[in-house]
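The values are calculated or read from the model by the stated rules, or taken from the named source; none is laboratory data. These figures come from a predicted structure and were not determined experimentally. Cβ coordinates were reconstructed from backbone atoms using ideal geometry, including for glycine residues, and neighbour counts include every protein chain displayed. Areas reflect the complete protein model, heavy atoms only, side chains present, ligands, DNA and RNA absent. Shrake-Rupley method; radii C 1.70, N 1.55, O 1.52, S 1.80 Å.
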Amino acid sequence: MFRSKGKTPPKWIIIGGSYAGALSAWFRYKFPHLVAGALSSSGVVIPLIKFDQFDQQIVADYQEDEECYKIVKNYHNVVEENLKNPSTRKAFIQSFSECSRIPDTSRITKAEFLFYFADINALYPQYSRRNEICTFVKDLNKRIRDVKGQLVEYCKKAYTDNHKLEDYTFAKLRDETIVPANNIRQWTYQYCTTYAWFQTPANSTPLRSVEMDVKYWEEYCANAIGTKGSPNVEHTNTLYAKEDIGKHATNIFFTQARNDPWRWAGMQEKYIKNDKLKYGFMNCLDCGHCKELYTEKDSDPAEVKEVRQKIIDAITQWIK
């Protein structure tokens, strides 16, 4: 269009975070003639079947605050104990009715609740809010003696942060009604059919059930989407191999952050083998997924400010 009017086409930069961060990196790698460069913020460019590093990172994040870790670990243990026992399971799940719009939470299955609760533990460190949730649970621990009572308040907070129990139910995931504000079905379809990233428990002191192994995820996906077995991640890894990107791609800025569990499915500095790729690591406390894309604040850690400036410098160079 620009050339037909005798004008020089502008240079384009493609920017994405998380899954979109992977897409931006892959797009620049495959179509370098269409865009001048790409920002891949916390881009998950490495599909994995067994992704236990996710839980390992969540454990490490909480362990930076010993008191908080002990409380959250105790929550995990209480949930495990009550779900394992068939005589307590139904009543236990039903006690979380305030964390859902479902009329009868006693119909929630064990598999559904396991994923839901594991994701609550992961939610806050993942999105740079570990300090917030640690302050919250420490206060709960002082005010409420009953651990089950604390758990309900913990889940109610997650509910107010748009983390809803019903989003983990097979009934919700099978519902093909298009709701633009809710992409949980689309996301489930992506990891079940193509990328896996099955969040299995950490090898030691996990914060998700030991039952959540690869078989659990294959059955969860079968019930939710109708898939069979694990997805063929090697197909994607062949098309967009991290080693090939690290050697041959140009003008991509990859960022990762210290407390982000997804960084272990992202580009690491050790894979980058040419000087036309950029890498920024934000080694700061409570720095999680896509941290540098958040609205700027004067209180932002110096490491985040530094990475933002490096991104600006790189893009400025690419569009000259």
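Can you pull out every residue in region 79-89 that is at pLDDT 90 or above and surrounded by fewer than 14 Cβ atoms within 10 Å (Cβ to Cβ)?
Within region 79-89, the subset at pLDDT 90 or above is 79-84, 89.
Within region 79-89, Glu81, Lys84 qualify.
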Please state which of the following conditions Phe51 fails to meet, knowing it meets all the rest: (1) modelled with pLDDT of 95 or more; (2) hydrophobic (A, V, I, L, M, F, W, C); (3) touching a His at 6+ places or on another chain (Cβ under 9 Å). (3)
Return only the number of the condition from (1) closer than 26 Å to Ala196 by Cα; (2) buried (at least 20 other Cβ atoms within 10 Å of the Cβ); (3) among the aliphatic types (A, V, I, L, M) that Ile272 does not satisfy. (2)
Can you tell me which residue in region 222-249 is surrounded by the fewest Cβ atoms within 10 Å (Cβ to Cβ), limited to those that are over 30 Å from Asn274 (Cβ atoms) and out of contact with any strand residue (DSSP E or B) (no Cβ under 9 Å at 6 or more places or on another chain)? Lys228
With the checklist (1) touching a helix residue (DSSP H, G or I) at 6+ places or on another chain (Cβ under 6 Å); (2) assigned to a helix (DSSP H, G or I) in hand, flag the one item Ala91 doesn't pass. (1)
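Scan region 15-47 residue by residue and report those that are in contact with a Phe, Trp or Tyr (Cβ under 6 Å, 6 or more places away or on another chain) and either surrounded by 21 or more Cβ atoms within 10 Å (Cβ to Cβ) or over 16 Å from Phe254 (Cβ atoms) (or both).
Trp26, Ala36, Gly37, Leu39, Ser40, Ser42, Val44, Pro47
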Picked from region 100-110 (must be at pLDDT below 85 and in a helix (DSSP H, G or I)), the residue surrounded by the most Cβ atoms within 10 Å (Cβ to Cβ) is Thr105
Helices (runs of 4 or more DSSP H) wholly in region 111-215 with at least 3 residues that are open to solvent by less than 50 Å² (accessible area, probe 1.4 Å) - which ones? 130-143, 147-160, 184-190
